[in-house]
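The values are calculated or read from the model by the stated rules, or taken from the named source; none is laboratory data. All of these numbers come straight from a predicted model, not from anything done at the bench. Reconstructed Cβ throughout: ideal geometry from the backbone, glycine too, with neighbour counts over all protein chains shown. Only protein heavy atoms, including side chains, enter the accessible area calculation; ligands, DNA and RNA are left aside. Shrake-Rupley method; radii C 1.70, N 1.55, O 1.52, S 1.80 Å.
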Amino acid sequence: MNISVIVPLLNEAESLPDLSAWIKRVMDAHHFTYEVIMVDDGSTDDSWKVIQSLHQENENIKGIRFRRNYGKSAALNTGFETCQGEVVITMDADLQDSPDEIPELYRMVTEDGYDLVSGWKKVRYDSKIAKNIPSKFFNWTTRKMSGIQLHDFNCGLKAYRQEVVKSIEVYSEMHRYIPVIAKWAGFTKIGEKVVLHQKRQFGTSKFGWNRFVNGYLDLLTISFMTRFSKKPMHAFGLWGSVAFFVGFVSAIWLIIAKLVHQSQGLPFRQVTDQPLFAIAMLAMILGFMLFLAGFLGEMIVRNSPDRNQYLISDTIK
């Protein structure tokens, strides 16, 4: 099978017939073998009935229905587990992503050798204040922290080699950082394509300001997990050792200073009466706790069933 199209959706019953017809026109025109996996993320409208009807008309349309709303990441991850296509395309169901982009995305993966190609909605029709400006700041921060030079990390229109989606796990609200997850999994050939952004025709936007707060927390989480998930002592132990060393040296310096002043008959303050001593003790306690957290993390990792599971790209036997 050439292509799997994964469409996560929530209350998009009105747009699904037009989207499926559009996808079919593109696939038939380019003679692709394909499947469309529509993942209903707990819709409360008639989305599932529409998917059932579309499947009866076109057996390439498949559906997965969640009992309740779990979020876009869960929908994408379930689609990744199910899909069978050589190239996997993800797109939103609101008709703001154009299926006409699929052939070029497919070519970039199969011919240019990209592991992942992310869409870039260079010209947007969203509210400039509500989405456009915050999105630019969000993408700038993610570029700086991840080192991946993409303009639009959160664009729903992306293309992947099948190996990529079968090697990564997307959870919580990590769908915004799939390129970051892919990079840390070893898939470093990540490209970008300017794609058409269309105005929403049906339904309402699922945008919310809380996604920016959650997004940055998820970015910190994924940065830590990808770098230190198998070596937590390297993170906690390092900073714990630094904090303990600074506190210990400060305490020793206070004690020596007191003894020197005392031996020379100079006025002095008790070590425990000085604010620096309290700060030194706090640093030593914090350092010990960080070191202990690293040690416990190492114990957990060593007992984890996937501690020695690594992604292998090629073998020679």
Global geometry of region 1-87, whether rounded, prolate or oblate, following the gyration tensor of its Cα atoms and the 1.5 cut on a/c:
oblate
Quick one: compute the contact order of region 3-85, relative version, from alpha carbon pairs under 8 angstrom and 6+ residues apart, as a percent.
40 percent
If each residue of separation counts as 0.36 nm, what is the full-extension length gain between Phe288 and Glu163 once their alpha-carbon separation is subtracted?
40.8 nm
For Ile37, the residues 5 or more places away or on another chain with a placed amide H closer than 5 Å to its own amide H are Val5, Ile6, Val7, Lys62
Once you have the Cα-Cα distance between Thr44 and Val123, take 0.36 nm times their residue separation minus that, and quote the gain in nm to one decimal.
25.3 nm
Probe 1.4 Å, heavy atoms of protein chains only: per residue, the accessible area of region 1-70 in Å² is 51 Å²
Rounded FRET efficiency, nearest 0.05, which uses the C-beta distance separating Thr188 from Thr33 and R0 of 25 Å
0.30
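How much of the accessible area of region 12-157, in percent, comes from carbon and sulfur atoms when a 1.4 Å probe is used? Walk me through the numbers on the way to the answer.
Values: 3280 of 6810 Å².
Summing carbon and sulfur atoms, their accessible area is 48 percent of the total for region 12-157.
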Strictly over 19 Å apart at the Cα level, which of Lys72/Lys166; Lys24/Lys62; Lys121/Lys166 would you flag in this model?
Lys121/Lys166
For Lys199, go through the aspartates and glutamates and keep the ones whose alpha-carbon is under 18 Å away, minus same-chain ones fewer than eight residues off.
Glu12, Glu14, Asp18, Asp92, Asp94, Asp97, Asp100, Glu101, Asp126, Asp152
Which residues among region 234-253 fall inside the zone where the amide N is under 15 Å from a point 7 Å beyond the Cα of Thr272, along Cα→Cβ?
none
Cα-only radius of gyration and Dmax that characterise region 256-299, units Å
16.4, 52
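As an exercise, take the mean of 1/r over every pair of distinct alpha carbons in region 47-115, invert it, and state the Kirkwood radius in angstroms.
Values: mean 1/r = 0.0710 Å⁻¹.
Computed over Cα pairs of region 47-115, the Kirkwood hydrodynamic radius comes out at 14.1 Å.
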With a/c under 1.5 counting as rounded, go ahead and sort region 25-149 into rounded, prolate or oblate using the C-alpha gyration tensor (a ≥ b ≥ c being the square roots of the eigenvalues; past the cut-off, prolate if a/b is larger than b/c, else oblate).
oblate
Two-site FRET efficiency, Ser53 against Leu296, from Cβ-Cβ distance with R₀ of 35 Å, rounded to 0.05:
0.05
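Roughly speaking, what is the stretch gain from Lys199 to Ala257, that is 0.36 nm per residue apart minus the C-alpha to C-alpha distance, in nm to one decimal? Intermediate values should be presented prior to the final figure.
Working: separation 58, 0.36 × 58 = 20.88 nm, distance 7.12 nm.
Extending this stretch completely gives an extra 13.8 nm.
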